[in-house]
Amino acid sequence: MKRKINGNDLLEIGYHPGKILGAALDLVEDRFDELPVKEVLLLMKALAKEPECFTDHEVLAELAAAMIEESLIEPEISLKAEKGDYTVYGSAYIEEGARKQMDIAMRLPVTVAGALMPDAHQGYGLPIGGVLATKNAIIPYGVGVDIGCRMALSVFDISESHFYANEASFKRELIAHTKFGAGHGFHGQYKADHEVLEREEFKLTPFIKNLHDKAYSQLGSSGGGNHFVEWGIIEFEKRDEFLGIEKGKYLALLTHSGSRGLGATLAGYYTKLAKSLCKLPAEAANLAYLDLNSEAGQEYWLAMNLAGDYASACHEVIHDKLTRAIGAEVLAKVENHHNFAWKEMWNGEEVIVHRKGATPAGKGVMGIIPGSMTAPGFLVRGKGEAAAIHSASHGAGRQMSRSKAIKNISREEMRGILKAHEVTLIGAGLDEAPMAYKDINLVMEAQTALVEVVARFTPKIVRMADDGSRED
């Protein structure tokens with residue numbers, strides 16, 4: 001069956017949520033359904049870029065006219081003439097597109113401070129790896145689509161040698177107790193339960209209430225994209241007093257995923273709402289914000305926190321299942337999240353700190369910064385660097401887009417690097433190949449002022465979505 005073009009396809013080529021996007025989708029379905037998807041997307045991309053060239057087109061003329069008319073509407077909110085200063089870490093590894101997005105974010109009238117982490121790359125609105133502090137305003141796309149996405153680490157009382165002697169068993173349990181892929185969830189007796197499902201925020205609005213069943217079904221699943229569940233060996237080169245762990249190597253479980261369909265749906269809804277209330281110039285449209293004193297702002301704040309706590313519950317379910325399955329004792333657990341906004345103090349005033357793909361790194365705050373499926377991850381402790389707004393990277397960061405990775409990396413190359421690093425991979429597409437990511441060691445070198453390394457995690461058995469699919 002031929003794949004249908006959806007809203008995400010059009011968003012990727014320059015369209016924005018709103019009436020034009022809806023009209024474009026209707027037109028594609030009605031008039032271009034028989035044409036190859038690639039050909040239609042090229043045409044629609046050209047239309048988005050230069051609608052004035054299509055005013056005489058027999059099919060696209062009406063849509064082109066509507067796009068031109070929309071572009072002539074004067075924004076109600078102006079950007080600052082000059083961008084504020086912000087610190088860039090690992091500038092040699094950051095693409096120009098991410099810098100340009102950060103420059104625009106620093107011109108918002110509500111912006112107080114910003115910073116760019118060494119894993120930064122271009123995203124929607126705020127770049128991934130961008131940190132932005134605002135005054136009494138929250139930006140849904142500054143938080144991101146996968147609200148509250150996080151890392152969770154469990155360190156077990158199992159030795160490295162025991163893991164290697166029973167590797168097949170650990171692989172079997174990993175497959176049995178995890179579920180991946182956009183839309184995938186659990187049914188009937190296989191559904192997990194958690195107190196987060198009883199939260200009053202699920203009754204906040206009819207829209208949020210209608211997401212409860214999906215949240216229930218997907219609780220404890222991991223979604224698609226770059227999300228993973230993996231066994232690995234973590235090494236402490238010296239005793240860590242805070243965690244109470246002696247020097248040595250231990251088996252550990254590391255998970256990366258977020259708020260699944262709940263968070264993605266909330267993000268889309270409130271981004272669209274913000275854009276309808278906060279009219280910014282076209283280049284800043286994806287940074288539309290909500291005043292926290294407004295009903296919409298308060299509603300999003302509560303919904304965001306619900307999605308974040310739901311993401312945490314998903315990790316808790318996964319870790320509990322696998323801990324029981326292997327019959328181990330947990331020596332320590334560490335969890336941190338990104339794609340979120342926090343109320344924090346900055347220069348004596350309360351601000352809203354957005355960390356879109358950035359790890360909280362306040363003084364003494366524990367965090368996990370993963371590499372790729374063949375590169376090490378790091379258990380870290382924050383140093384509370386003010387210039388970074390108490391933040392650090394959330395990973396290695398992409399150096400290839402998904403489409404570029406699929407085009408330039410072969411299955412043989414991917415299998416070769418996995419074999420060289422003695423990593424067993426279950427699932428994942430070429431878009432998640434290790435070569436698509438920056439060198440985590442260079443990223444860590446660029447943020448020595450932000451975090452200290454407590455332990456080093458080496459992946460051994462990695463599970464991801466079978467098709468490398470995006471989050472739903």
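The values are calculated or read from the model by the stated rules, or taken from the named source; none is laboratory data. The structure presented is a predicted model; accordingly, all values stated were derived computationally and were not measured. Neighbour counts run over all protein chains shown; Cβ positions are idealised from the backbone, glycine included. With ligands, DNA and RNA removed, areas are computed over all heavy atoms of the protein, side chains included. Shrake-Rupley method; radii C 1.70, N 1.55, O 1.52, S 1.80 Å.
So in segment 371-430, with the set limited to residues that are out of contact with any helix residue (DSSP H, G or I) (no Cβ under 9 Å at 6 or more places or on another chain) and open to solvent by less than 20 Å² (accessible area, probe 1.4 Å), which one is nearest to A455 (Cα to Cα)? Among those residues, the one meeting the criterion is L379.
If I filter segment 221-235 for residues that are modelled with pLDDT of 95 or more, assigned to a loop (DSSP other than H, G, I, E, B) and surrounded by fewer than 19 Cβ atoms within 10 Å (Cβ to Cβ), do I get at least one hit? Among the residues of segment 221-235, not one is modelled with pLDDT of 95 or more, assigned to a loop (DSSP other than H, G, I, E, B) and surrounded by fewer than 19 Cβ atoms within 10 Å (Cβ to Cβ), which makes the answer no.
Okay, residues lined up against (1) assigned to a helix (DSSP H, G or I); (2) among the acidic types (D, E); (3) modelled with pLDDT under 90:
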{"position": "K4", "(1), (2), (3)": "no, no, yes"}
{"position": "N8", "(1), (2), (3)": "yes, no, yes"}
{"position": "G14", "(1), (2), (3)": "no, no, yes"}
{"position": "A23", "(1), (2), (3)": "yes, no, no"}
{"position": "A46", "(1), (2), (3)": "yes, no, no"}
{"position": "C53", "(1), (2), (3)": "yes, no, no"}
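Whenever a residue of segment 383-400 is in contact (Cβ under 8 Å) with a residue 12 or more places away in the chain and on the phi > 0 side of the Ramachandran plot, its partners that are in a helix (DSSP H, G or I) and open to solvent by 30 Å² or more (accessible area, probe 1.4 Å), lying with C-beta atoms within less than 8 angstrom and at least six residues away or across chains, give the pairs G397/Y93. Mind telling me which of the residues G142, G148 ends up being in contact with a strand residue (DSSP E or B) (Cβ under 8 Å, 6 or more places away or on another chain), in contact (Cβ under 8 Å) with a residue 24 or more places away in the chain, on the phi > 0 side of the Ramachandran plot and surrounded by 14 or more Cβ atoms within 10 Å (Cβ to Cβ)? Only one candidate qualifies: G148.
K135 falls short on exactly one of the conditions (1) basic (K, R); (2) modelled with pLDDT under 95; (3) under 30 Å from A386 (Cβ atoms), and that condition is (2). Across segment 115-155, the number of residues qualifying as over 30 Å from I233 (Cβ atoms) and charged (D, E, K, R) comes to 1.
Scanning segment 296-315 for residues that are within 30 Å of A455 (Cα to Cα), in contact with an Asp or Glu (Cβ under 7 Å, 6 or more places away or on another chain) and open to solvent by 40 Å² or more (accessible area, probe 1.4 Å) turns up nothing. Being over 22 Å from T374 (Cα atoms), touching a residue at least 24 places away in the same chain (Cβ under 8 Å), surrounded by fewer than 24 Cβ atoms within 10 Å (Cβ to Cβ) and acidic (D, E) is a property that does not hold for D213.
Among the residues of segment 444-468, which ones are at pLDDT below 95 and either open to solvent by less than 20 Å² (accessible area, probe 1.4 Å) or at positive phi (or both)?
Step one: list which residues in segment 444-468 are at pLDDT below 95, which gives 464-468.
Once the filter is applied, which keeps residues that are at pLDDT below 95 and either open to solvent by less than 20 Å² (accessible area, probe 1.4 Å) or at positive phi (or both), segment 444-468 yields M464, A465, G468.
Working only within segment 223-269, note down all residues that are among the charged types (D, E, K, R) and farther than 20 Å from C149 by Cβ. Before the answer, list the steps.
Residues of segment 223-269 that are among the charged types (D, E, K, R), as a first pass: 230, 235, 237-241, 246-247, 249, 260.
Within segment 223-269, E235, E237, K238, R239, D240, E241, E246, K247, K249 qualify.
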